[in-house]
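Below: the structure, in structure tokens.
Any read-out appearing in this document is the output of simple, stated calculations on the displayed coordinates, not a laboratory observation. If you're wondering where the values come from, they're calculated on a predicted model, not measured in any experiment. Please note: Cβ atoms are built from the backbone with ideal geometry, for glycine as well, and neighbour counts cover all protein chains shown.
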Amino acid sequence: MSSSPRYLPVALLGACLLPSFAFADSTLTGDWGGLRSQMDADGIRFTGDYSGESVYNTHGGLKRSARYSQNLKLGVRFDLDKLLQADNAGVVQLTINDRRGNDGSGDLVGNRLPLQENYGGLYTRLTELSYERTLFTPDLDVKLGYMAMGNDLGGLDSGILCNFMNAGFCGHPLNMSGGSGWTNYPNARLGVRVKYSFDPAWQLRVAAFAVDPESNGNSSRAWNITPKHKTGTVVPVELVYKKLDGLPGEYKVGWYYDSSDAKRIGSNEEVAGRGGHYVLLDQAVWQASDLKGQTLHVFGQAAAASSAASPFSKWYSTGVVLKQPFASRPNDTLALGFGRAVPNPRSREVQEQNALANGEDFPNLGNAERLIELSYGYQATPWLTLRPDVQYIMEPGAFSGADIDNALVVGLQVKAAL
């Protein structure tokens, strides 16, 4: 069967509806009577993902109660090599995202590190419209268009950190987006990303993206690709090493600079430019001799942002993830992590000065918010993952300057491939 425009309306309908008749092994919505696999062979691939995250604060924080948030992502990938029957014609990616729900951190705990990684930007939006192909040599890959820079930079490619539900782990060090024009999914901007592979183990990634703060979290800008008010350009540079022999590993060293002007914290003066740097690692340190899939991974993150203009100056995390914790559960995971988020001392000084000016006492707070998280990923079906989760938040008011008791939060994450 040759490719044809008649596929598009039929496939869009299939992507949005959840048929009850039969489910394929890998997706909830199945193969659409064979249409989905035929379209994929012809160069049109539809994808969809749902995540729902429920949290309940059992102790400390602001109050005992529960909150739920969800994320729905629908995408279509056009393989132009197949569709145009041409060599190296490239790939076009279109992605739409919708988020709904309530904020567990803001409503229940009062902390900075979001308990639910899928909370924020509660509206339907365009999250990617990009074109990608190799250029001059197979080792040079170029991608340009409207996209989140965090899709390709700033996080671990292995995805190991999304065995957790807290946004402090799953995704990217939060001080990147908290103190510069860096954008993580689902916030997207116009930009270009280049990857050059020196060999299978080493790769250099460089990008440039428009900085448009007025569009962040703005539902009226949900479908606008061009910036509303461009303040500058953010340029990240990242060196990647992947250990391919023996126990696998991934290591990243990155630096970024945002040319936008920003107010110096605690002053009316402006700072010309903001930047930061980071180190990320994921290394398998043990593998069972009699069970190939049972491996223990150690991960780590360290990131620092501009001390003049970023309210979130440093982030550190480390932890372990055990894959296949039981012989009978080959796709399950057990994860334990610790994170430490350091507020900018300038922000603390401003909070203290404001309290004293109003005749109020300023609480004796620790110098960082800390997080311990334990989760178990249960692969219920090939397309459904259930993740019971426990988070303990220490010094929840470290960023707000409030005296809040440590909080113990239990939760459940549900992920489904549509």
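List of remarks:
- Look at the stretch 27-48: where a residue is at positive phi and a partner is surrounded by fewer than 18 Cβ atoms within 10 Å (Cβ to Cβ), sitting 6+ places away or on another chain with Cβ atoms under 6 Å, you get G30/A22; G30/F23; G30/A24; G43/K82; G43/L83.
- Residue that is surrounded by the fewest Cβ atoms within 10 Å (Cβ to Cβ), among those in the stretch 370-400 that are of a type in the set (F, W, Y) and within 30 Å of Q351 (Cα to Cα): Y392
- Scanning the stretch 189-232 for residues that are out of contact with any helix residue (DSSP H, G or I) (no Cβ under 9 Å at 6 or more places or on another chain), in contact (Cβ under 8 Å) with a residue 40 or more places away in the chain, part of a strand (DSSP E or B) and over 27 Å from A284 (Cα atoms) yields L190, V192, V194, V211, G232.
- When restricted to residues that are part of a strand (DSSP E or B) and either over 20 Å from the mean Cα position of the chain (by Cα) or charged (D, E, K, R) (or both), the stretch 258-282 contains 12.
- Of the residues examined, A335 is not one that is outside any loop (DSSP other than H, G, I, E, B) and within 30 Å of G273 (Cβ to Cβ).
- Close contacts from the stretch 396-414, counting a first residue that is at positive phi and a second that is in a loop (DSSP other than H, G, I, E, B) and surrounded by 16 or more Cβ atoms within 10 Å (Cβ to Cβ), with Cβ to Cβ under 9 Å and a gap of 6+ residues or different chains, come to G401/L365.
- Verdict on T183 being of a type in the set (V, I, T) and under 13 Å from the mean Cα position of the chain (by Cα): yes
- Among the candidates A341, A357, the residue that is surrounded by 13 or more Cβ atoms within 10 Å (Cβ to Cβ) and either farther than 27 Å from L281 by Cα or touching a residue at least 40 places away in the same chain (Cβ under 8 Å) (or both) is uniquely A341.
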